[in-house]
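The values are calculated or read from the model by the stated rules, or taken from the named source; none is laboratory data. These numbers come from a predicted model, not from an experiment. Virtual Cβ from ideal backbone geometry, glycine too; neighbours counted across all protein chains shown.
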Amino acid sequence: MVNELSAIGNAMIPAGILALIAAFALVFFIIGIALYVYSSLAFMAIAKKVKNKSPAIAWIPIVGPALIASKAARMHWWPILLLIGFIVPWIGGLAILAFEVFFIIWLWKTFEAIRRPGWWAILCIIPVVNLILIGIAAWGKK
């Protein structure tokens with residue numbers, strides 16, 4: 001009898017942990033979708049401010065904001081190809097780092113194009129600050 005109860009109790013612990021992991025995964029998924037929608041709307045508004053012909057590009061996952069920023073900065077789009085670093089493991093870190101440098105340069109010139117301080121692009125490295133600054137750039141008055 002005691003062995004049966006301990007077997008039942010031990011079987012419930014992993015199920016509870018799995019349920020907790022699933023709940024956290026669901027919360028992170030919802031937060032991720034909300035951040036995606038927010039950033040897409042913000043970059044779409046920025047694209048409209050700089051009179052981009054196709055602001056809906058902002059809705060393309062991962063690549064969209066980079067395309068909007070490169071067009072607003074009037075620079076080449078080819079550094080977006082460095083995102084292949086997500087797929088190729090042996091050059092991944094360097095390629096992603098190089099892409100981040102290009103993205104900061106694009107953001108700097110984009111902020112200047114909409115009459116905001118270019119140094120905000122450097123502050124966009126900080127996770128929560130980037131959401132605030134991109135929102136101000138997109139919907140702020142100036």
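Within the stretch 100-116, is there a residue that is free of Cβ contacts under 8 Å to residues at least 12 places away in the same chain and of a type in the set (Val, Ile, Thr)? The answer is yes; a qualifying residue exists. Taking first residues from the stretch 19-37 that are modelled with pLDDT of 95 or more and partners that are charged (D, E, K, R) and part of a helix (DSSP H, G or I), no Cβ contact under 7 Å between residues at least 6 apart in sequence or on separate chains turns up. Within the span defined as the stretch 6-17, one or more residues are more than 14 Å from residue 134 (Cα to Cα) and modelled with pLDDT of 85 or more. Evaluate the following for residue 91: is it aliphatic (A, V, I, L, M) and within 20 Å of residue 41 (Cβ to Cβ)? When the stated conditions are applied, residue 91 does not pass them. Is it the case that residue 93 is more than 27 Å from residue 136 (Cβ to Cβ), surrounded by fewer than 14 Cβ atoms within 10 Å (Cβ to Cβ) and out of contact with any Lys or Arg (no Cβ under 8 Å at 6 or more places or on another chain)? Taking the combined requirement at face value, the residue satisfies it. Could you say whether any residue in the stretch 55-67 is among the hydrophobic types (A, V, I, L, M, F, W, C), farther than 17 Å from residue 139 by Cα and at pLDDT below 80? Yes, the stretch 55-67 contains at least one residue that is among the hydrophobic types (A, V, I, L, M, F, W, C), farther than 17 Å from residue 139 by Cα and at pLDDT below 80. Take residue 46 and decide whether it is β-branched (Val, Ile, Thr), outside any loop (DSSP other than H, G, I, E, B) and surrounded by 18 or more Cβ atoms within 10 Å (Cβ to Cβ). Spelling it out, residue 46 is indeed β-branched (Val, Ile, Thr), outside any loop (DSSP other than H, G, I, E, B) and surrounded by 18 or more Cβ atoms within 10 Å (Cβ to Cβ).
Can you pull out the residues in the stretch 49-79 that are assigned to a helix (DSSP H, G or I), buried (at least 19 other Cβ atoms within 10 Å of the Cβ) and hydrophobic (A, V, I, L, M, F, W, C)? 57, 58, 66, 67, 68, 69, 72, listed by residue number.
Residues that are among the aliphatic types (A, V, I, L, M) and within 15 Å of residue 47 (Cβ to Cβ) were ranked within the stretch 101-138; the one that is surrounded by the fewest Cβ atoms within 10 Å (Cβ to Cβ) is 114.
The set of residues in the stretch 81-90 being within 18 Å of the chain's Cα centre (by Cα) and either surrounded by fewer than 18 Cβ atoms within 10 Å (Cβ to Cβ) or acidic (Asp, Glu) (or both) consists of 81, 83, 84, 86, 87.
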